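J.: Dumping the structure here so I can ask a few things about it.
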Amino acid sequence: MKQIPIVELLEWAYRHELPKAERAGGGMSASAPSSWGMVYNLGILGTVIDAPLNGYGVVAIGMDEGEPHPDAMKVGAAVAGLASARVSVGEDWSPFPEWADADGLVAETVAHIRPRLASMRGEEIQAMLIARAVLGRKPDWRGDEPGRAMITRSGKPAWFMKEEGQDAYGNPVQREVDGFNYRSQRPRKGAYRKYRLSDDVAGLVIDRFRRTVWALSVRHVAQEVAARLSSHELTAEVPTLAPWAAVAGLASRPDPSHAVSLFS
């Protein structure tokens with residue numbers, strides 16, 4: 001039996017074997033890619049693939065080259081099972097453990113985006129796994145830590161302060177208001193300045209989330225097919241869930257990126 005890492009097995013299956021299958025067969029819908037799949041193709045390929053897909057979610061070869069290898073078909077069936085997968089994102093999930101973020105601005109951005117990430121559907125995970133296998137590339141996750149910029153008004157540093165008040169029901173609330181006294185042209189007592197991230201990290205949050213979900217889905221497929229292959233034997237090599245932690249020398253510490261889990 002040929003020893004092979006799971007990522008290479010996926011690439012072999014989707015680039016060389018499963019395109020041999022005609023439109024009939026198991027796996028994804030044979031009629032057309034999902035709308036999310038087309039958007040994903042547009043994002044990573046720069047174009048929308050409008051050719052009919054076969055039952056494994058790839059464009060069929062236009063000539064008879066025989067049936068796909070049985071091991072490839074088992075891989076395709078395992079990937080098809082991801083259609084019912086769901087993602088769970090813990091509240092302690094942090095895709096940037098290597099950044100200090102002393103002011104919490106990055107964590108604030110992550111917390112704002114996190115609820116949207118948990119809505120990722122199985123069909124999206126499936127499309128991502130197939131697209132990456134066809135491309136032979138892992139999802140990108142690299143990015144630089146953003147700087148901080150002071151919030152300004154009319155080109156001048158802005159001042160803020162907390163003000164006690166009541167809501168519509170008479171309950172005490174605290175509001176953030178303008179902390180500058182325009183009569184004296186001085187900041188009010190207790191006023192403070194605020195900062196924002198100099199670069200938007202929302203896109204990088206999503207990139208790192210997808211990288212973790214991709215790794216989880218690859219591992220899931222490996223578990224599904226490991227004992228069922230006839231001509232291949234999987235090695236122990238699997239993609240890491242948070243490669244950014246290893247690069248930053250944090251591999252020995254608890255990694256909040258692992259708060260993302262995949263279940264079906």
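J.: Could you compute the net charge surrounding Leu197? Neighbours are other residues with a C-beta less than 12 Å from the C-beta of Leu197; K and R count +1, D and E count -1.
T.: Surrounding charge for Leu197 is -4.
J.: Here is a follow-up. Please report the net charge: other residues with Cβ closer than 14 Å to the Cβ of Phe263, K and R +1, D and E -1.
T.: +2
J.: When only C-alpha pairs under 8 Å and at least 6 residues apart count, what is the relative contact order of the range 152-193, in percent?
T.: Averaging sequence separation for qualifying contacts and normalising by length gives 40 percent for the range 152-193.
J.: Lysines near Lys189 by alpha-carbon distance under 27 Å, same-chain residues fewer than 8 away left out - which ones?
T.: Filter leaves Lys156, Lys162.
J.: Here is a further query. Just in the range 128-185: which chymotrypsin sites (Phe, Trp or Tyr not before Pro) are loop by DSSP and have at most 10 other Cβ atoms within 10 Å?
T.: Tyr169, Tyr182
J.: Let me check I've understood the local charge: for Arg175, count other residues with C-beta under 11 angstrom from its C-beta, Lys and Arg +1, Asp and Glu -1. What total comes out?
T.: Local charge sum for Arg175: -4.
J.: Loop only by DSSP, 16 or fewer other Cβ within 10 Å of the Cβ. Give me the GluC sites (Glu not before Pro) in the range 65-118 that pass, ordered by residue number. All intermediate terms of the calculation are to be shown ahead of the outcome.
T.: Numbers: sites: Glu65, Glu91, Glu98, Glu108; in loops: Glu65, Glu91, Glu98.
Counting only loop positions with at most 16 other Cβ atoms within 10 Å, the GluC sites (Glu not before Pro) in the range 65-118 are Glu65, Glu91, Glu98.
J.: Would you list Ser88, Ser94 from fewest to most Cβ contacts within 10 Å?
T.: Lowest to highest Cβ neighbour count: Ser88, Ser94.
J.: Moving to a separate point now. Looking at the range 123-200, which trypsin sites (Lys or Arg not before Pro) are in a loop (DSSP not H, G, I, E or B) and have at most 11 other Cβ atoms within 10 Å?
T.: Hits after loop and neighbour filter: Arg137, Arg142, Arg183, Lys189.
J.: What is the fewest-to-most order of Glu123, Glu145 by other Cβ atoms lying within 10 Å of their Cβ?
T.: Going from sparsest to densest Cβ surroundings: Glu145, Glu123.
J.: Give the Rg/Rh ratio for the range 152-193, taking Rg as the radius of gyration of the Cα atoms and Rh as the Kirkwood radius, to two decimals.
T.: Details: Rg = 12.4 Å, Rh = 11.3 Å.
Over the Cα atoms of the range 152-193, Rg/Rh equals 1.09.
No lab work stands behind these numbers, since they all come straight from the coordinates. Everything numeric here is computed off the predicted structure, so don't read it as measured data. Please note: Cβ atoms are built from the backbone with ideal geometry, for glycine as well, and neighbour counts cover all protein chains shown.
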